[in-house]
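Everything on this sheet refers to the single structure shown next.
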Amino acid sequence: MRFERFSSPLGQPYIADIEEIPFYHYLPGERVLVLEVPGCPLHCAYCDRVPLARSQDWSPYEPLRVADSVASLASEPGFAGIVWDGGEPSLHWDNVVQCAHSVHALGRKVGVATNGGLTADLLADTPGTVDMLLVRFKGFTEETYHALGAAPRILASSQALVEQALNMGVHVELMLDIARQTQQQEQEYTDMLNWILQDLRRSIPLHLRAIAPEHGFTIREGPVMPFLENLVESARRQHVGFVYLSNCHGHFFNNTMCPNCYSVVIDRTTSPLDLSLVTDGKCGQCGTDLALTLEKENL
Ligand code: SF4
């Protein structure tokens, strides 16, 4: 659905299911207003948003207009708030912070999806701005980032951001682009899992984004699937709780499974989402915590 209350040279803000961002463990089944911003510090060869990523054309969102829109959307059930996406939201951070104040004043949530531009220091300097954060990783070596034209040490910066956000109580989900079916790709994935296990928490959601332009960016089948499925199964063997194939729409590995008893607790192959197998954020079968945020607690 398009949301026609703004004008933007790059396209209209739009309303999406929160799972489309993707956030799978924060207010599942709710919807958000997505505000896209131009510019990106990376130059991925497989970029599917070149006009947005390379544009310099920008005028800030007016906080009062954003608030007005959020207020009208908030009268509908299941509206969570806004999510900044792009492009790279950290390039327009003052605008993000200003609008966040307006949205929070209405008791709604603010999400940010970053490609690595947002830093731990910027987040720490603006506490209370972000409720949910998606950190997209392009690989898990500095060399992979270097090949994408990134500044030095952007991988380390993204890792520091995740750790800072968790320390601040921000809900965090991770994404890793899977652009190659190679041993190097598997090694980077293994290194990321080890970081999750050693320095983060095994319940943090990790979305694998399959990059296969020849099959489209919404993948259902094809030669990449066995490779991707092996990656998910490898994480499950190591008890990393929630790894998803989130752009393989309709795939079983988009479901949330209890990491203890393996019951499917949220089936994402159906719509609307059925949360009846979740009890107070726990598995309805065995009581294991599912690391879900289900309530807008300050409303
Ligand atoms: S990070 Fe995303 S928007 Fe930026 S160049 Fe890469 S694919 Fe495009």
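The values are calculated or read from the model by the stated rules, or taken from the named source; none is laboratory data. It should be emphasised that the depicted structure is a prediction, and the values quoted were computed from it without experimental measurement. Glycine gets a Cβ as well: all are built from the backbone with ideal geometry, and neighbour counts include every protein chain shown.
Please find, within segment 95-125, the residue that is surrounded by the fewest Cβ atoms within 10 Å (Cβ to Cβ) out of those that are within 16 Å of the ligand (Cβ to nearest atom) and assigned to a strand (DSSP E or B).
Looking at the filtered set, the residue picked out is Thr114.
Being part of a strand (DSSP E or B), buried (at least 16 other Cβ atoms within 10 Å of the Cβ) and touching a residue at least 24 places away in the same chain (Cβ under 8 Å) is the filter here; which residues of segment 253-299 pass it?
If the condition is that a residue be part of a strand (DSSP E or B), buried (at least 16 other Cβ atoms within 10 Å of the Cβ) and touching a residue at least 24 places away in the same chain (Cβ under 8 Å), then Thr256, Val265, Ile266, Cys283, Thr293 are the ones that fit.
For segment 143-163, which positions are part of a helix (DSSP H, G or I) and either at pLDDT below 95 or crowded, with 18+ Cβ neighbours inside 10 Å (or both)?
Glu143, Thr144, Tyr145, His146, Ala147, Ile154, Leu155, Ser157, Ser158, Gln159, Leu161, Val162
Only one of (1) surrounded by 15 or more Cβ atoms within 10 Å (Cβ to Cβ); (2) in a loop (DSSP other than H, G, I, E, B); (3) within 13 Å of the ligand (Cβ to nearest atom) is not met by Phe140, so which one is it?
Of everything listed in (1) surrounded by 15 or more Cβ atoms within 10 Å (Cβ to Cβ); (2) in a loop (DSSP other than H, G, I, E, B); (3) within 13 Å of the ligand (Cβ to nearest atom), Phe140 misses just condition (3).
Scan (1) over 18 Å from Val170 (Cβ atoms); (2) part of a helix (DSSP H, G or I); (3) more than 16 Å from the ligand (Cβ to nearest atom) for the single condition His92 breaks and write down its number.
Unmet condition: (3).
Suppose we keep only residues that are free of Cβ contacts under 8 Å to residues at least 24 places away in the same chain and away from the ligand (no atom under 11 Å from the Cβ) within segment 18-58. Which one would you say is nearest to Asn247 (Cα to Cα)?
It comes out as Glu20.
Go through the residues of segment 218-227 one by one and say whether even a single one is modelled with pLDDT of 95 or more and either surrounded by 14 or more Cβ atoms within 10 Å (Cβ to Cβ) or acidic (Asp, Glu) (or both).
Within segment 218-227, none of the residues are modelled with pLDDT of 95 or more and either surrounded by 14 or more Cβ atoms within 10 Å (Cβ to Cβ) or acidic (Asp, Glu) (or both).
Quick one: in segment 68-89, of everything that is aliphatic (A, V, I, L, M) and either over 23 Å from the mean Cα position of the chain (by Cα) or assigned to a strand (DSSP E or B) (or both), which residue is nearest to Pro38 (Cα to Cα)?
Looking at the filtered set, the residue picked out is Val83.
Picking from Val50, Val34, which residue would you name as being under 14 Å from the mean Cα position of the chain (by Cα) and surrounded by fewer than 22 Cβ atoms within 10 Å (Cβ to Cβ)?
Answer to the check: Val34.
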